[in-house]
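Novice: Input: one structure, supplied below.
Only the coordinates and a few stated rules stand behind these numbers; no lab work does. Small disclaimer: the values here were computed from a predicted structure and weren't measured.
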Amino acid sequence: SAACCARSAAPPTAVDCEAEGEVGGAVRALATPPEEFALGLAVSSGDDRMLRVWDLKRGASVLSQPAESAVTSLDFDASSGESLKVNEVLGLRLAAAFADGGWALYTVGVSRTNDKAAATVALTPALPRDAAPRHERRLTVCRFSPDGAWLALGCADATIYLHDVSPSSASLGGEVARCFGHSSAITHLDWTVDSYVLRSNCKGHELRFFDVPSGQQIALASACRDLEWATHTAVLAWHALGIFARGRDGSGVQAAARSPSGSLLATVDDLSLVNLYRFPCPKPEKPGAPNRHAAGGHSSPALACVWAEGASSSHETLLTAGGQDLCVLQWSLERRSHNRMMFGAATGV
């Protein structure tokens with residue numbers, strides 16, 4: 001398999017935090033639109049209750065809008081929108097999970113002004129506030145199903161709530177099922193490509209599988225062995241067993257994401273490092289056969305990472321949220337040859 005080399009070619013530049021309203025807390029959530037649109041946009045948020053849309057090509061904020069509460073997670077609906085034509089407006093659905101137990105759906109309106117440029121034109125609520133039932137505990141993660149019919153909400157009460165978010169549904173926003181089986185707060189969620197199975201991690205270091213839409217736990221994990229997953233954000237799963245150093249308890253890695261090419265797995269951890277591994281990574285690296293390459297840039301434990309399609313025509317781009325350092329860094333993964341890759345300079349978004 002191909003070797004990887006991760007380094008920071010230059011010191012990270014200072015990030016413009018666009019500090020409108022409250023300042024402080026942490027940047028916790030990142031999301032990028034589906035790759036087929038190649039928009040070069042990203043959305044971030046956190047404890048300051050501000051949703052910010054970024055133009056990754058210019059490294060600048062193009063829209064800032066208050067959220068209802070502190071944001072813990074963001075996710076785009078991969079099924080929303082159609083091919084974007086020049087001078088047409090594209091509507092993409094965005095889900096936000098809040099620290100007060102609430103959640104919301106937004107429509108991110110984007111217009112393409114020429115063949116290469118995209119400009120955000122609006123960020124509007126896509127669901128009435130009373131149609132999104134509030135939960136009693138803090139929501140920790142949200143994920144759309146690949147077909148856009150369901151929204152899974154992981155909660156601090158160790159429950160996953162399934163909501164009907166199909167645009168054609170008469171009960172849009174209604175709760176469909178609850179997934180029980182975890183012993184602690186939910187941390188990560190992944191869907192299969194057919195939207196029938198949900199995979200989850202929790203702070204109790206557990207891996208669980210659930211049937212959708214019934215919400216019933218799939219007790220036999222081996223039954224899910226050959227399923228095809230739409231995303232790979234779970235840090236406790238077969239594909240990521242090798243990301244933990246020997247002797248670690250599995251609590252240091254905060255987030256993971258597979259690259260658009262499918263060949264790499266990126267993680268961020270409590271040591272403020274951004275790490276690259278070959279994908280899948282089922283075994284820890286051995287002496288003489290390294291499989292982990294790390295780069296520094298954040299000054300506090302990083303909390304989120306996501307690959308940004310369309311930010312560069314020739315390079316894969318990774319975004320990382322630094323938590324309490326209030327930074328979002330953009331990393332360029334340069335393919336130098338058929339068997340070498342490296343991080344370019346980390347720049348503030």
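Novice: Counting pairs of Cα atoms in the stretch 169-221, how many percent are more than 14 Å apart?
Specialist: 55
Novice: Oh, and also: How big is the shadow of the Cα convex hull of the stretch 202-247, averaged over all directions, in nm²?
Specialist: Averaged projected area of the stretch 202-247's Cα convex hull equals 4.2 nm².
Novice: Tell me, what HN-Hα J-couplings in whole Hz come from the Karplus equation 6.51 cos²θ - 1.76 cosθ + 1.60 at θ = phi - 60° for each residue of the stretch 205-216, using x for Gly and Pro?
Specialist: 6, 10, 10, 10, 10, 9, 7, 10, x, 5, x, 6
Novice: Rounded, prolate or oblate: pick one for the stretch 123-181, where a ≥ b ≥ c are the square roots of the eigenvalues of its C-alpha gyration tensor, a/c under 1.5 means rounded, and failing that, prolate if a/b is larger than b/c, else oblate.
Specialist: It is prolate, given that a/c is not under 1.5 and a/b is the larger ratio.
Novice: Here's something else I'd like to know. Show the residues, 5+ positions off or on another chain, whose built amide H is closer than 5 Å to the amide H of Ser300.
Specialist: Sorted by chain and number, the residues that satisfy this are Asp325.
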